[in-house]
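Encoded as structure tokens, the structure appears first; notes follow it.
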Amino acid sequence: MTDGLALWGAVVLPFGLLLVATTAASLSAALGSAAAGRAVPVRTVLQPVQEAARLLVVRRRRTQHPDALLWRLGGGTLFVTAVLAAAVVPIGDAPVLRSEVGVVWFNAAETLLWAALWLTGWGGNSVAGLIGGYRFLAQALAYELPMMLALITAALGAGSLDVVQVAAAQEDLWFVVWMPVAFVVFLVAALALSFWGPFSQPAGSDAAGGVLAELSGVDRLVVLVGRYAWLAAAAGMSVPLFLGGGAGPLLPSWLWWLAKTLAVLAALVWVRWRWPVVRVDRFEEIAWVVLLPAIVVQALVVSLVVI
Amino acid sequence: MELVLAVAFGIVAVAAAVAVFVVDSMARATYALLVSFLAVAAELVLLGSAYLGVLTVLMMTVEMAVMGVFMIMYMMNPAGLMPMSMVHNKRGALSIAIGTFVVLGAGALLVPWPSRTGEPPAELTRALGFSLMGEHMLAMIVIGVALLATMISAVLLATDRGRYDRYGDELERDTPRDPVAGGVGR
Amino acid sequence: MDLSRFAFARPHVLLVESPGGTASRLALERVLRERGWPLTDSPADADILAVAGTGLRPYADRVWAQLPGPRARVDLAHPEHAGGALDGAQRALFDGAAQGEDAATRSGPPSDQSEGDGMPAGHGMPAAHGMPAGLDMADRAPDRDGLLLDVLHVPWGPALPWWPAGLVLHSRLQGDVLAEVEVSWVGDARSASSFWTSAAEAVGPARTAAAARLDALGRLLAVAGWEGERLRAQRVRDALLDGGEDAVRLAGLAGLQRLHQRVGRSRTLARMTSGLGRLGGGDVTARYRQWLTDAIAALESGADSPVTPLPDDLDDVLTRLLTGTEVSSARLVVASLDPWLTGALVAGAARD
């Protein structure tokens, strides 16, 4: 656990993550305006800020007999787990926290998200929230194994669980070129874990907002921030895993990392406006019958190449 | 610094473990147990076994999250929110717990631990992998497959609907008869 | 109050429809879309409660009690006042002093227990399944898969967004499965059809036939979680209902064909809806595809397109179709039958 950026990195990281997450929210707002057939003025960029101000003004909601402690704890933990995950992502060459098991670390932070989001849905003592929580856990079980195998496949190609070394191993050829399935599975999992776009059924409108159903004011704000932060963290992680990390001509490596991250993030945000929501009960079968075998074959191919 | 952290996490682990028996709700007990495990995982990381520590976080979180859901689904208790006693056979449980703690604690303090002779390898995770798998690769593979087969058979035995229920006695149907159709569209 | 002006520049609106409120709903939807004010799914996220029509009083009041505040309310009886009413609601949100007073008069979390026996337990939102003081034990009963699970009694509607006006679905819920369903109605739900009859007089039967189907499609897409295409369907619908002939020729038909490409041919949407709510040989997928082809046919031929007839005892059909489905499937099935349930599609209704 050495070799990371200095301590200031840990201080700056949450703010940096917040900034990238806000970019994602701005982009989504712009796409939403375009979909409604309205002009997209420059000030649409500020919409997330305005939205945050609104949520700060709105009062917090109370429900009957909630488990208030666990409810608030769940919502508040979302962003923390996103920061933990982002800590092992190399910003160019060096992550805030260099770990020889960075890939597994990312995975572990993501499972903490499971627990946090379940509490967010369940804690409010609301039918809609509970349904949202059930849906997220079912979805999580379905994407988790493909996700783990996608992470392992990248690590296998590099022969290391250290994210920095995984990025370094792509000097000649980006992993996305010969592990396309793993890359796609990782992105699908990224959407699913941030319950975004096609995988937003845990917060679906059919269940009055699911896990978000009873959240208002600052409670809702922290959950939404956590969600965008996870989207950003996952996009940031996909770059060192599959897109060569900070490699690129002329520009400094951190700038290349940022450019690639924003490109992946934009794609993830765009998906929300392009596809309908996928029902969890149907995704379940797709995950087990299609994604899992596909990624196992991908892992097998990579192992054979490595040997 | 590390000592301070180790002590702090140790206190958190024990306090959360005590909380498991003190709190009066299933969910809180489950999550208190999770906090305890997370603190133990942090201790492992501090000891230099990052891999084992992170793995503990991963496994335990998933386990607790799923366990919580099942408890809440099956309990005759609205969404697990009603206060209830989390302990059965208080006296027996307490004596076993304290007994185990004393034995293990005494062991930790009384055993003459050998002093370190070499240096730890640069890449601990790799060393761990080799020492586990290097000599016993075949055994590990066999155990892995056997475990997987066991899990699949257990699920098969537990489910009340097999393929004859889904596809008919002669397996004659093209599409299975399920209460809910899956997403692949078979 | 500069901060609240900035904060509520784009207030979130919870829009529910009461029987006979179709015209008001359409007017509200259009103004909200043009202003970019988002429609929300739950009272917790709403700043403004907009009730289209006036027939939902007790139910809307209970949803109103669940808005966290600052809050404002619009009860729209006359569709032409939609813009002004929403302006007024936004001004009410800016008024910090009045909102403070409003907050002071409220105490404790909203109760959504049904009060007394006479009142139907339809608070609309499936909110906290509030338990009487002291917390009751939940019932348990065997569920669809043979497990013994908790049972909750949850009403759906009538004050629920994207929901047929006036429909109340009393459900016995296990997990997210509707183990038992009972259908009832508030007011004269079928009176909604009068809006489409008068629209047919104003803009002609062909455009009305297409618009009614696009309205249904928009609501289905909202429930299916496809916001971008939902907005497109509603834009085309509004163009059909009040654009000039040229606008319809340009925007209407082109927009419809694009919807047909994107939505009608979407394999993802088809996969998510296939096999649900089978009725007369067609499932949800077949029904929304039929709406699109019917709408295009109506516009191209300039005449009303015939409506696929459904059984008259739709309430019993609904009960049968919904029993044993998950909430998400149930919402899709209800949305796919919405135009028949509310009388927007009745064989011959859109004809002169």
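The values are calculated or read from the model by the stated rules, or taken from the named source; none is laboratory data. Quick caveat, the model's predicted, so the values are computed rather than measured. Neighbour counts run over all protein chains shown; Cβ positions are idealised from the backbone, glycine included. Note: accessible area is taken over every heavy atom of the protein model, side chains too, but ligands, DNA and RNA are not part of it. Shrake-Rupley method; radii C 1.70, N 1.55, O 1.52, S 1.80 Å.
Using a probe of 1.4 Å on the protein chains alone, the accessible area found for residue B:52 is around 70 Å². Angle of helix A:180-193 to the longest C-alpha principal axis of chain A, folded into 0 to 90 degrees and rounded to 10: 20°. Here's the picture: charge each Lys and Arg Cβ at +1 and each Asp and Glu Cβ at -1 in region A:7-306, and of A:264, A:140, A:45 the one pushed furthest to the positive end of that dipole is A:45. Quick one: angle between helix B:50-74 and the longest Cα principal axis of chain B, in degrees between 0 and 90, rounded to 10, please. Helix B:50-74 and the main axis of chain B meet at about 50 degrees. Summary value for region C:189-341: 29 percent relative contact order, contacts being C-alpha pairs under 8 angstrom separated by 6+ residues.
Using a probe of 1.4 Å, the accessible surface attributed to residue B:70 totals some 100 Å² when neighbouring protein chains are kept in position.
How much FRET efficiency would the formula 1/(1 + (r/R0)^6) give for residue A:11 and residue A:49, where r is the Cβ-Cβ distance and R0 is 22 Å, rounded to 0.05? Each step should come with its number before you reach the end.
Numbers: r = 22 Å, r/R0 = 1.00.
Rounded to the nearest 0.05, the efficiency is 0.50.
One quarter of the convex hull surface built on the alpha carbon atoms of the protein assembly as shown amounts to 40.0 nm², the projected area averaged over directions. Largest accessible area first, the residues C:325, C:308, A:120 order themselves as C:308, C:325, A:120 under a 1.4 Å probe with ligands, DNA and RNA left out.
Computed on the Cα trace of region A:237-307, the radius of gyration divided by the Kirkwood hydrodynamic radius gives Rg/Rh = 1.11. Using equal-weight Cα scatterers in the Debye expression, the normalised intensity of chain A in log10 at q = 0.10, 0.15 Å⁻¹ is -0.54, -1.21. Compute the Cα gyration tensor for chain B, then decide on rounded, prolate or oblate, letting a ≥ b ≥ c be the square roots of its eigenvalues: rounded whenever a/c is under 1.5, prolate when a/b is larger than b/c in the other cases, and oblate in all that remain. Judged from the Cα gyration tensor, chain B comes out oblate (a/c at least 1.5, b/c at or above a/b).
Accessible-area rank, largest first, for C:196, A:105: A:105, C:196, with all protein chains present and a 1.4 angstrom probe. Each Lys or Arg adds one and each Asp or Glu subtracts one; over the other residues with Cβ under 13 Å from the Cβ of residue B:51, this totals -2. Once the Cα atoms are used to define both axes, helix B:137-158 deviates from the longest principal axis of chain B by about 50 degrees. Here is the P(r) of region A:118-160: all C-alpha pair distances, binned every 10 Å from 0, give 29, 29, 22, 16, 5 in whole percents. Remark: relative contact order (chain A) = 26 percent; criterion is Cα-Cα distance under 8 angstrom and separation of 6 or more residues.
At a Förster radius of 56 Å, what calculated FRET efficiency corresponds to the Cβ-Cβ distance of residue C:300 and residue A:305, to the nearest 0.05? The partial results should precede the final answer.
Numbers: r = 56 Å, r/R0 = 0.99.
E(calc), rounded to 0.05, equals 0.50.
For region A:143-249, the C-alpha radius of gyration divided by 2.2 N^0.38 Å, with N the number of residues, is 1.26. Computed over Cα pairs, the Kirkwood radius of region C:2-104 leads via Stokes-Einstein (0.890 mPa s, 25 °C) to a diffusion coefficient of 182 µm² per second. Heavy-atom accessible surface of residue B:143, to the nearest 10 Å², is about 90 Å², with a 1.4 Å probe and all protein chains retained. If you count the DSSP beta bridges with both ends in the protein assembly as shown, what percent of them are antiparallel, to the nearest 5? Just about 70 percent of them are antiparallel. What shape does region A:24-158 take by its C-alpha gyration tensor, where a ≥ b ≥ c are the square roots of the eigenvalues and a/c under 1.5 counts as rounded, a/b above b/c as prolate, and the rest as oblate? Oblate, since a/c reaches 1.5 and b/c is not below a/b.
Spin-label model, residue B:8 to residue C:95: label points 7 Å out along the Cα-to-beta-carbon direction sit 5.1 nm apart.
Put B:90, A:260 in order of accessible area, largest first, 1.4 Å probe: what do you get?
Reading off the accessible areas and sorting them downward yields B:90, A:260.
Our summary gives chain B a relative contact order of 15 percent, counting only alpha carbon pairs under 8 angstrom and 6 or more residues apart. Rounded if a/c is under 1.5, else prolate if a/b is larger than b/c, else oblate: which is region A:160-210, with a ≥ b ≥ c the root eigenvalues of its Cα gyration tensor? It is prolate, given that a/c is not under 1.5 and a/b is the larger ratio. Working from label points 7 Å from Cα in the Cα-to-Cβ sense, the residue C:201 to residue B:71 distance is 6.5 nm. With θ taken as phi - 60° and the Karplus curve 6.51 cos²θ - 1.76 cosθ + 1.60 applied, the whole-hertz 3J(HN,Hα) list for region B:123-134 is 10, 4, 4, 4, 4, 4, x, 5, 5, 7, 9, x Hz, x standing for glycine and proline.
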